[in-house]
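The structure under discussion appears below in the form of structure tokens.
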Amino acid sequence: MSGAAVSLGLNGRTVQATMANPLLRALAGSASDRILIVIQLSGGNDGLNTVVPVTNDIYYNARPNIAISARDAVSLTTDAGLHPALARLGPLYQEGLLEVVQNVGYASPELSHFTSTDVWLSGRDASELEGTGWSGRFLEKEYPTYADAPPDHPIALQIGSSTPLLFAGHGQSLGVTLPNQRLLDRLARSGQLFDEDDVPDSIQGEEISFVRRVSNDSFVYAQAIKDAFDIGRNQVSYSGGSTLGSDLATVARLIRGGLGARIYHVSIGGFDTHAYQAGSHNTLLSRLGNSIAAFVEDLQSDGLMDRVTGVTFSEFGRRVFQNGSSGTDHGTSAPMFIFGQHLAGGMLGDAPDLSNLDSARNLIAGNDFRSVYGSLLRDWFEMGQGDVDQLFNGAYPVLNLFNGQLSTHTEEAVSVPNQVKLDSVYPNPLSGGKARIVITLDEPGPVAISVVDLLGRPVAQHDVGILQSGQHDLPLILNDGIAAGTYIVRVQHKAASIARPVQVVD
């Protein structure tokens, strides 16, 4: 079926439904009914005033007018607290329903809103952008021959501003835009988006009626959305009247109504706080915190939160030092929030190091955002780790976002046999850039070895070639001058992949 775009509104907001996205088709046909909510903080959220380093003197000296005092911050740990506008997220954190991934970004960051947003949505570096999203490539990797047979309900919904790259595959995209409440009312009443009869009595009116008829006929999801919206009801009030709250209320209502979508994308803008940041940032974070808290409470009321996980992201953070307008300029890394019922909880990763900045006096990211995406794909949507690595063109360290109560069926879902074992890397710790790696293969096949740092940047890559089954003791040679620290050694054999950390010392 070819792409078509029409308009309709839920709770007065724009909605885009995507059915040609390959990832979403895979989820539609899978046994899993898990749902992912992606919340985009557009404009570049100030991470240091979101998760506040309350014991760091550098932070307070760098921001004499806009720093959040330790007294006002919502306590998370001894050294970190939330902006007070996020007060409703504090109890979620304490209950294990919210976790924080600290200092997330990517190597050689772009500080352009447009380019960095594309990097985050595509899961590719700026030099590798190709017009596809990380979710689109996911299904194309997993199901390259999947038939073009759309389901009878949307598999993903985008509510609010349109960012089609997130769900774009190679030439596979179909969006449905629903821009206002009036159209939703018509849909709920008649099952149609557009009134084909309310047109001028003229040739032009006949043409308008024809276009509306084509649009109504092409929107195959009208009945599914109408039914879900009619059946679903919100169990709590999304107070405050914010756009994000309205969007998440719609998402909760559609989930409760049984729409069947697996991924929802919503957004909140305004985070480009170059001037007089304190007031606007407070308002934005209040809307974010209140909306997430209401959404979790809504779905917890009847157990639906058990199969929902949410993640927030922004295209970049802000600089450590406030500018002359009591704001902050474009920076690099920032925290990401994960919310749901199956989380490991707490703070993941090290806090940003304010004493060790890059040449532009920006934070140096400690976690690549593809580690977060990859961990969600692996543990929430049950994708094999080797395929996750290929999807992102590199092996990024795995983050344990979920607790042991989250059941997975990864091997059954992706049919990846245990073809390779990484028996040892020795010596470990190693120095001088040379070591040995011992692997065991269940069957013959090509082997590739790579070593990456904790941001996923390769420091060594070697295609070993085809090896026979059995145990092999192979040399591992790292680049000259490699810095001391922790690295990830990964072995790829056919569709299987295995990794182990190694420590390099001076």
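Here, each number is a calculation from the coordinates, and none is a lab measurement. Treat the numbers as computed from the prediction; the structure is a model and nothing was measured. Neighbour counts are summed over all protein chains in view; Cβ atoms, including those assigned to glycine, are modelled from backbone coordinates with ideal geometry.
Would you work out the relative contact order for region 417-504, in percent, from Cα pairs under 8 angstrom that are 6 or more residues apart?
Across region 417-504, relative contact order equals 35 percent.
May I ask you to order 336-348, 457-469 by the average number of other C-beta atoms within 10 Å around their residues, highest value first?
Top to bottom by mean Cβ count within 10 Å: 336-348, 457-469.
Quick one: 3J(HN,Hα) in Hz for region 64-73, Karplus 6.51/-1.76/1.60 with θ = phi - 60°, rounded, Gly and Pro as x.
3J(HN,Hα) across region 64-73, in whole Hz: x, 9, 10, 5, 8, 5, 4, 5, 8, 5.
For Gln341, what residues show an amide H to amide H distance below 5 Å, using hydrogens built from the backbone and excluding near sequence neighbours?
Residues meeting the criterion, in which the H sits 1.01 Å from N, are Val308.
Put a dot 7 Å past each Cα toward the Cβ at Asp463 and Tyr426; how far apart are the dots in nm?
Taking the two extended label points, one gets 3.1 nm.
Apply 1/(1 + (r/R0)^6) to the Cβ-Cβ distance of Thr283 and Leu406, taking R0 = 22 Å, and write down the FRET efficiency to the nearest 0.05.
After rounding to 0.05, the efficiency reads 0.05.
Determine, for each peptide in 475-482, 277-284, 50-57, the mean count of other beta carbons within 10 angstrom over its residues, then list the peptides with the highest first.
Ranking the peptides 475-482, 277-284, 50-57 by packing returns 50-57, 277-284, 475-482.
List the residues, sorted by chain then number, that are 5 or more residues from Phe381 or on another chain and whose placed amide H is less than 5 Å from its amide H.
Here the answer is none, since no amide H 5 or more places off falls under 5 Å of that of Phe381.
Per 0.36 nm of contour for each residue apart, how much would the distance between Ser355 and Ser301 grow if the chain were fully extended, relative to their Cα-Cα spacing?
Using 0.36 nm per residue and subtracting the Cα-Cα distance, I get 15.0 nm.
How much net charge surrounds Val504 when only other residues with a Cβ under 15 Å from its Cβ are counted (Lys, Arg +1; Asp, Glu -1)?
Surrounding charge for Val504 is +1.
How much length is gained if the chain between Arg233 and Thr440 is pulled fully straight, taking 0.36 nm per residue apart and subtracting their Cα-Cα distance, in nm to one decimal?
Stretched fully, the Arg233-Thr440 segment lengthens by 69.0 nm.
Residue-wise, which Karplus ³J(HN,Hα) couplings in Hz belong to region 377-391, taking 6.51 cos²θ - 1.76 cosθ + 1.60, θ = phi - 60°, and x for glycine or proline?
5, 5, 9, 8, 9, 6, 8, x, 4, x, 6, 4, 4, 5, 4
Would you kindly derive the ³J(HN,Hα) couplings of region 394-400 from the backbone phi angles with the Karplus curve 6.51 cos²θ - 1.76 cosθ + 1.60 (θ = phi - 60°), listing them in order in whole Hz, with x for Gly and Pro?
Each residue's phi maps through the Karplus curve to give x, 9, 9, x, 7, 9, 8 Hz.
Apply 1/(1 + (r/R0)^6) to the Cβ-Cβ distance of Leu129 and Asn323, taking R0 = 41 Å, and write down the FRET efficiency to the nearest 0.05.
With a Förster radius of 41 Å, E is 0.90.
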